[in-house]
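Okay, so here's the structure we're looking at.
The values are calculated or read from the model by the stated rules, or taken from the named source; none is laboratory data. Keep in mind it's a predicted model, so treat the numbers as computed, not measured. Ideal geometry is used to build each Cβ from the backbone, glycine not excepted, and the neighbour counts take in all protein chains shown. Accessible surface areas use protein heavy atoms only, side chains included; no ligands, DNA or RNA. Shrake-Rupley method; radii C 1.70, N 1.55, O 1.52, S 1.80 Å.
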2 protein chains.
Amino acid sequence: MTANMIDGKMPWHLSPPDIGELRDAAARMAPILIETPLLESDRLNARLGGRLLVKAESLQRTGSFKARGAWNWFSLLPSGAAGQGFVALSSGNHGQAVAWVAGRFGLGPVVILMPEDTPRAKVERTRAWGADIEFYDRSTVDRAALLHHWTEVRGHIMVPAYDDRRIIAGAGTIGLESLRQAAARGTRPDRMVVAFSGGGLSAGCAIGLTGSGTTLLAVEPVGYDDMARSLAAGMRIANSAAPPNICDALLAPTPGALTFDINQRAGTTVVTVSERHAREAVAVLAKEFGLIVEPGGALPLGALLANPGLAADRTTVVVASGANIDTSLLSDILAGG
Amino acid sequence: MTANMIDGKMPWHLSPPDIGELRDAAARMAPILIETPLLESDRLNARLGGRLLVKAESLQRTGSFKARGAWNWFSLLPSGAAGQGFVALSSGNHGQAVAWVAGRFGLGPVVILMPEDTPRAKVERTRAWGADIEFYDRSTVDRAALLHHWTEVRGHIMVPAYDDRRIIAGAGTIGLESLRQAAARGTRPDRMVVAFSGGGLSAGCAIGLTGSGTTLLAVEPVGYDDMARSLAAGMRIANSAAPPNICDALLAPTPGALTFDINQRAGTTVVTVSERHAREAVAVLAKEFGLIVEPGGALPLGALLANPGLAADRTTVVVASGANIDTSLLSDILAGG
């Protein structure tokens, strides 16, 4: 794990959280965040030949799982941070979460750095939570330099999107919670399937699933298989290009350093899924469960629709991780477009 | 309560359930049905000037609260019923619930008597659960005579949609569950708002809320204010006409005998809400919570959008009771149509 070391030491925030930190994070969020349900459809179970439990995290505060990490991060912020500004890089869901949580804690101002091609719903909802947005060109701008300006020149505190033990612990509460809810229904999942962008959700769930016997499968969109190639190479590899993809939430250029380490050690496996199956999963979640889920959040179900053998004869939890989709795209998908 | 008496005695199934029967019903359904979450949006709270908790019952099995009553009814069926057919009158949600539950219990066949103008999604989903459907003309057919044919001539067992203590006890679990979930979030609702058609949901919730201090408000669509007029008259009065209304689930011609009695004694109050506010509520539930809710299920929120004073300075639970909306109507509403 040398990639994370500074002066030969591992900084605290880039070391893995233990499962006790996930439990603490869960206790912190219980009064405010939503315990999202595990949904089930006998019709979909019959189609897949196995038992599917949909963790409807699209119902979370601000419409994505990102509220969990942001809540935990701000909860652990030293008190001296009051009066300072915050900045975050986000494709839209982390930005909404940071803006909402900062507001809840009475902190700010908040600046969100977003790609120019961010869906309108995400832009509008991030602004509605009180954040300022600065747009950048995904294909040309050096994100590190942009962030450096806001942290070093403007003095804002950066809220990491995934490569941070507090963020990972927050996301990992989904793993703990799903196991507990499944146990209450008399079952233990064989597998949990989550979307992969920077890797915070899968890293957190990998820790949350420790010792449970439930394996973890991460899902990447076609063209953004940086994690699959990184695992194969044994080192972090960036995507070589940034082609358009409907899964706007899953286009991070490279796995995080800490998230890569955690997933590699935990034995997380990865599959890549097409845009067609992302769209089909959005339609299935709407029709079978009455859930509005964005393409990136639906991709884990898309993995099962594309490869029904993955779900056959076992119990699978798929995390539907975000709801923030433009109305026009949702209508187009529901009309069969 | 003379209306319910037969030969001077009250038949068991037309007597009110007590709160213990609701608790028993909740225990019966816990392994299979969904504990639907209470959702919250700070943005919507700010708009309404109070705290709103949305009971997302649209996520229930078969997409509506009707699964609770049907589950409880079939759970209490005498064992001699195996091998018999079942019949139910339904605008679509009760029919889906009956068809699914009967299948789960290995019982059938199931015949659902549906109005000709039932939305396509409800027809298709009822068939997909294995039921046969017989359509009738809402404005001309004598429902009692139609039902008589199926029960007396064909020998099917009728599964009541609302006027039955087992159905009411099942629906009432929503009241108990909402109070418990609100308490876990540190609050006690001042008011609960539910849709009114035959009155099973409100009757059940009235019993579930007994002694809690939470008042109950029932909501009817414009043109179907039979319960409001019945309460004013102190006796059951039918709607005089059957005009078209977008809330297809809420067009029962008259309150049930038992449900009227229970709501009258409990002091349930009623408001009437326009189609415009039903549509607005569908849009708000989609955008703020990522929930697909049909117009009739969204009407309780419509009541608050139409009368923000109802929600101001208090905590309100609104039940979003059904998801089964045609895709074309949903898209039209989301596009602002």
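Return the total of residues in the stretch A:33-57 being part of a loop (DSSP other than H, G, I, E, B) and either modelled with pLDDT under 95 or away from every other protein chain (no Cβ under 11 Å) (or both). First the steps, then the outcome.
We begin by selecting, within the stretch A:33-57, every residue part of a loop (DSSP other than H, G, I, E, B); these are A:33-37, A:40-41, A:49-50, A:56.
Filter again for either modelled with pLDDT under 95 or away from every other protein chain (no Cβ under 11 Å) (or both), leaving A:49-50.
Total satisfying the criteria: 2.
Out of (1) of a type in the set (A, V, I, L, M, F, W, C); (2) under 21 Å from residue B:58 (Cα atoms); (3) not in a helix (DSSP H, G or I), what's the single condition that is false for residue A:270?
(2) is the only condition that residue A:270 fails.
For the stretch A:236-243, does any single residue satisfy the condition of being of a type in the set (Lys, Arg), open to solvent by 50 Å² or more (accessible area, probe 1.4 Å) and either within 23 Å of residue A:57 (Cβ to Cβ) or assigned to a loop (DSSP other than H, G, I, E, B) (or both)?
Yes - at least one qualifying residue is present in the stretch A:236-243.
Identify the single condition in (1) in contact with a strand residue (DSSP E or B) (Cβ under 7 Å, 6 or more places away or on another chain); (2) within 21 Å of residue A:26 (Cα to Cα) that residue A:270 does not satisfy, given that it satisfies every other one.
Among (1) in contact with a strand residue (DSSP E or B) (Cβ under 7 Å, 6 or more places away or on another chain); (2) within 21 Å of residue A:26 (Cα to Cα), the lone unmet condition for residue A:270 is (2).
In the stretch A:8-32, how many residues are hydrophobic (A, V, I, L, M, F, W, C) and either within 28 Å of residue B:177 (Cβ to Cβ) or within 11 Å of chain B (Cβ to nearest Cβ) (or both)?
7
Those residues that are out of contact with any Ser or Thr (no Cβ under 8 Å at 6 or more places or on another chain), open to solvent by less than 40 Å² (accessible area, probe 1.4 Å), of a type in the set (A, V, I, L, M) and closer than 20 Å to residue A:143 by Cβ, I need them from the stretch A:61-117; list them, please.
Those that are out of contact with any Ser or Thr (no Cβ under 8 Å at 6 or more places or on another chain), open to solvent by less than 40 Å² (accessible area, probe 1.4 Å), of a type in the set (A, V, I, L, M) and closer than 20 Å to residue A:143 by Cβ: A:70, A:88, A:110, A:111.
Failed condition for residue A:313, given (1) open to solvent by 40 Å² or more (accessible area, probe 1.4 Å); (2) over 21 Å from residue A:185 (Cβ atoms); (3) away from chain B (no Cβ under 14 Å); (4) of a type outside the set (Phe, Trp, Tyr), with all others met?
All conditions are met except number (2).
Can you pull out the residues in the stretch A:310-336 that are in a loop (DSSP other than H, G, I, E, B) and within 16 Å of residue A:192 (Cβ to Cβ)?
Within the stretch A:310-336, A:311, A:314, A:320, A:321 meet the criteria.
Condition first: closer than 16 Å to residue B:64 by Cα and more than 20 Å from the chain's Cα centre (by Cα). Now tell me which residues in the stretch B:128-150 satisfy that. Even if it seems obvious, please write down each step before you answer.
If we filter the stretch B:128-150 for residues that are closer than 16 Å to residue B:64 by Cα, which is where we start, we get B:128-129.
Hit for the stretch B:128-150 is B:128, nothing else.
Would you be able to say whether some residue in the stretch A:245-259 is under 19 Å from the mean Cα position of the chain (by Cα), polar (S, T, N, Q), away from chain B (no Cβ under 14 Å) and in a helix (DSSP H, G or I)? Give the steps one after another, and end with the answer.
Of all residues in the stretch A:245-259, those under 19 Å from the mean Cα position of the chain (by Cα) come to A:245-259.
With the extra rule that they be polar (S, T, N, Q), the set shrinks to A:245, A:254, A:259.
So of that shortlist, the ones also away from chain B (no Cβ under 14 Å) come out as A:245, A:254, A:259.
Restricting the remaining residues to those that are in a helix (DSSP H, G or I) gives A:259.
Yes, the stretch A:245-259 has at least one match.
May I ask you to verify whether residue A:164 is farther than 19 Å from residue A:61 by Cα and free of Cβ contacts under 8 Å to residues at least 24 places away in the same chain? It would help to see each step written out before you state the result.
Working: farther than 19 Å from residue A:61 by Cα: yes; free of Cβ contacts under 8 Å to residues at least 24 places away in the same chain: no.
For residue A:164, the condition - farther than 19 Å from residue A:61 by Cα and free of Cβ contacts under 8 Å to residues at least 24 places away in the same chain - is not met.
Hey, does the stretch A:11-26 have a residue that's among the aromatic types (Phe, Trp, Tyr) and closer than 30 Å to residue B:58 by Cβ?
Checked against the condition, which is being among the aromatic types (Phe, Trp, Tyr) and closer than 30 Å to residue B:58 by Cβ, the stretch A:11-26 yields no hits at all.
Cβ-Cβ below 9 Å, separation at least six or inter-chain, first residue in the stretch A:232-245 and of a type in the set (D, E, K, R), second open to solvent by 60 Å² or more (accessible area, probe 1.4 Å): which pairs?
A:236/A:3
Conditions tested, residue by residue: (1) farther than 25 Å from residue B:298 by Cα; (2) within 14 Å of chain B (Cβ to nearest Cβ); (3) surrounded by fewer than 24 Cβ atoms within 10 Å (Cβ to Cβ); (4) charged (D, E, K, R).
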{"residue": "A:280", "(1), (2), (3), (4)": "yes, no, yes, yes"}
{"residue": "A:290", "(1), (2), (3), (4)": "no, yes, no, no"}
{"residue": "A:298", "(1), (2), (3), (4)": "no, yes, no, no"}
{"residue": "A:301", "(1), (2), (3), (4)": "yes, no, no, no"}
{"residue": "A:318", "(1), (2), (3), (4)": "yes, no, no, no"}
{"residue": "A:324", "(1), (2), (3), (4)": "no, yes, no, no"}
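For the stretch B:179-220, what are the residues that are assigned to a helix (DSSP H, G or I), open to solvent by less than 10 Å² (accessible area, probe 1.4 Å) and either without any contact (Cβ under 8 Å) to a residue 60 or more places away in the chain or within 14 Å of chain A (Cβ to nearest Cβ) (or both)?
Across the stretch B:179-220, the qualifying residue is only B:182.
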